[in-house]
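Read through the structure below, which is laid out as C-alpha coordinates, and then see the notes.
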Amino acid sequence: SPEFYVYTLQARGVPFYVRIGRSSRASDRVSHVGRLTRRQSAGKPVKWVFSNRVVGEFLKVGEKVEVVYLHQGVTRKEALRLEREEISRLRSLGYVLANQQHNNGGSASVEEIVRAVLARPSASASKPFRPEPSRVSPIGQTN
(Lines give C-alpha, C1' and ligand atoms only; values in the text may rest on other atoms or scores of the structure.)
Protein backbone atom coordinates (compact mmCIF):
# COMPACT_ATOMS: atom_id res chain seq x y z
CA SER A 1 0.00 0.00 0.00
CA PRO A 2 1.17 3.57 -0.66
CA GLU A 3 1.98 4.45 2.95
CA PHE A 4 5.73 5.03 2.59
CA TYR A 5 7.81 8.12 1.96
CA VAL A 6 11.41 9.05 1.14
CA TYR A 7 13.07 11.72 3.26
CA THR A 8 16.39 13.40 3.88
CA LEU A 9 17.95 14.62 7.08
CA GLN A 10 19.59 17.99 6.58
CA ALA A 11 21.75 20.39 8.54
CA ARG A 12 22.00 23.98 7.30
CA GLY A 13 19.80 22.89 4.39
CA VAL A 14 22.45 20.38 3.26
CA PRO A 15 21.29 16.75 2.96
CA PHE A 16 23.42 14.14 4.72
CA TYR A 17 21.11 11.12 4.95
CA VAL A 18 18.39 9.62 2.73
CA ARG A 19 15.95 6.98 3.91
CA ILE A 20 12.47 5.56 3.49
CA GLY A 21 9.92 5.55 6.25
CA ARG A 22 6.29 5.43 7.19
CA SER A 23 4.24 6.77 10.04
CA SER A 24 6.41 8.96 12.32
CA ARG A 25 9.81 7.37 11.63
CA ALA A 26 11.32 10.53 10.17
CA SER A 27 9.58 13.12 12.33
CA ASP A 28 10.66 11.34 15.53
CA ARG A 29 14.31 10.85 14.53
CA VAL A 30 15.85 13.97 16.09
CA SER A 31 13.95 13.62 19.38
CA HIS A 32 14.93 9.93 19.48
CA VAL A 33 18.61 10.88 19.17
CA GLY A 34 18.11 13.41 21.99
CA ARG A 35 16.75 10.62 24.20
CA LEU A 36 19.70 8.38 23.31
CA THR A 37 22.12 11.18 24.20
CA ARG A 38 20.44 11.75 27.57
CA ARG A 39 20.54 8.00 28.31
CA GLN A 40 24.23 7.88 27.50
CA SER A 41 24.91 10.96 29.66
CA ALA A 42 23.13 9.21 32.53
CA GLY A 43 25.49 6.24 32.17
CA LYS A 44 22.87 3.93 30.67
CA PRO A 45 23.67 1.63 27.74
CA VAL A 46 22.85 2.94 24.28
CA LYS A 47 22.95 1.17 20.94
CA TRP A 48 23.96 3.75 18.36
CA VAL A 49 23.29 3.19 14.65
CA PHE A 50 25.62 5.16 12.41
CA SER A 51 23.09 7.69 11.13
CA ASN A 52 21.99 8.50 14.70
CA ARG A 53 25.61 9.11 15.66
CA VAL A 54 25.82 11.66 12.83
CA VAL A 55 22.60 13.37 13.95
CA GLY A 56 23.93 13.39 17.53
CA GLU A 57 27.16 15.04 16.44
CA PHE A 58 25.26 17.80 14.62
CA LEU A 59 23.18 18.40 17.74
CA LYS A 60 26.31 18.39 19.90
CA VAL A 61 27.86 21.21 17.83
CA GLY A 62 24.60 23.19 17.93
CA GLU A 63 23.31 22.53 14.42
CA LYS A 64 19.60 22.06 13.82
CA VAL A 65 18.70 18.84 11.97
CA GLU A 66 15.61 18.98 9.80
CA VAL A 67 13.55 16.38 7.97
CA VAL A 68 12.63 17.09 4.35
CA TYR A 69 10.12 14.76 2.68
CA LEU A 70 11.02 14.12 -0.95
CA HIS A 71 8.29 11.67 -1.98
CA GLN A 72 5.15 10.69 -0.09
CA GLY A 73 2.33 8.21 -0.59
CA VAL A 74 4.38 5.55 -2.36
CA THR A 75 4.65 1.79 -1.97
CA ARG A 76 7.62 0.27 -0.17
CA LYS A 77 9.03 -1.01 -3.46
CA GLU A 78 8.77 2.43 -5.07
CA ALA A 79 10.23 4.12 -1.97
CA LEU A 80 13.25 1.80 -2.03
CA ARG A 81 13.84 2.59 -5.71
CA LEU A 82 13.51 6.34 -5.13
CA GLU A 83 15.84 6.13 -2.12
CA ARG A 84 18.56 4.45 -4.21
CA GLU A 85 18.12 7.00 -6.99
CA GLU A 86 18.33 9.95 -4.59
CA ILE A 87 21.46 8.58 -2.89
CA SER A 88 23.08 8.11 -6.28
CA ARG A 89 22.03 11.59 -7.43
CA LEU A 90 23.32 13.32 -4.28
CA ARG A 91 26.62 11.44 -4.41
CA SER A 92 27.05 12.46 -8.06
CA LEU A 93 26.65 16.08 -6.92
CA GLY A 94 29.39 15.65 -4.32
CA TYR A 95 27.33 15.28 -1.16
CA VAL A 96 28.83 13.13 1.60
CA LEU A 97 26.13 10.88 3.03
CA ALA A 98 25.72 8.91 6.24
CA ASN A 99 23.93 6.10 4.41
CA GLN A 100 25.50 2.70 4.91
CA GLN A 101 23.40 1.02 2.20
CA HIS A 102 23.27 1.99 -1.48
CA ASN A 103 26.19 4.39 -0.95
CA ASN A 104 28.63 2.53 -3.24
CA GLY A 105 31.34 2.24 -0.62
CA GLY A 106 31.15 5.97 -0.02
CA SER A 107 30.76 5.68 3.72
CA ALA A 108 32.68 8.33 5.59
CA SER A 109 33.28 8.74 9.31
CA VAL A 110 30.90 10.77 11.48
CA GLU A 111 33.47 13.56 11.63
CA GLU A 112 34.00 13.57 7.83
CA ILE A 113 30.26 13.86 7.22
CA VAL A 114 29.86 16.73 9.68
CA ARG A 115 32.89 18.56 8.22
CA ALA A 116 31.59 18.07 4.66
CA VAL A 117 28.16 19.48 5.53
CA LEU A 118 29.56 22.44 7.47
CA ALA A 119 31.99 23.22 4.64
CA ARG A 120 29.18 23.59 2.07
CA PRO A 121 27.54 26.96 1.59
CA SER A 122 24.62 27.08 3.98
CA ALA A 123 21.18 26.99 2.40
CA SER A 124 18.59 29.29 3.90
CA ALA A 125 16.59 27.64 6.67
CA SER A 126 13.46 28.55 4.73
CA LYS A 127 14.87 27.01 1.55
CA PRO A 128 16.41 23.63 2.36
CA PHE A 129 17.73 21.46 -0.44
CA ARG A 130 14.86 20.18 -2.57
CA PRO A 131 15.16 17.64 -5.34
CA GLU A 132 13.73 18.09 -8.80
CA PRO A 133 9.93 17.84 -8.90
CA SER A 134 8.74 14.42 -7.82
CA ARG A 135 8.33 11.78 -10.47
CA VAL A 136 5.65 10.22 -8.28
CA SER A 137 2.12 11.50 -7.99
CA PRO A 138 0.49 11.85 -4.57
CA ILE A 139 -1.28 8.52 -4.98
CA GLY A 140 1.94 6.68 -5.78
CA GLN A 141 1.52 6.29 -9.52
CA THR A 142 4.58 7.02 -11.64
CA ASN A 143 4.20 9.94 -14.02
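Ranking GLN72, THR37, ALA116 by how far each Cα lies toward the positive end of the dipole of segment 3-123 (charges on Cβ) leaves THR37 at the top. When you count the other C-beta atoms within 10 angstrom of each residue and take the mean per peptide, 49-57, 21-29 line up highest first as 49-57, 21-29. Were the residues from GLN100 through SER88 laid out at 0.36 nm apart, the gain over their Cα-Cα distance would be 3.1 nm.
For the Cα trace of segment 1-104, dividing Rg by the Kirkwood Rh returns an Rg/Rh value of 0.99.
Ranked by the mean number of other Cβ atoms within 10 Å of their residues, highest first, the peptides 1-9, 60-68 come out as 1-9, 60-68.
Take segment 46-104 with all the other protein chains still there, run a 1.4 Å probe, and you get 53 Å² of accessible area per residue.
The values are calculated or read from the model by the stated rules, or taken from the named source; none is laboratory data. As the structure is a computational prediction, the values presented were derived from the model and not from experiment. Don't worry about glycine lacking a Cβ; one is built from the backbone with ideal geometry, like all the others, and counts go over all protein chains shown. The protein model used for the area step is the full one, side chains on, heavy atoms only, and it has no ligands, DNA or RNA in it. Shrake-Rupley method; radii C 1.70, N 1.55, O 1.52, S 1.80 Å.
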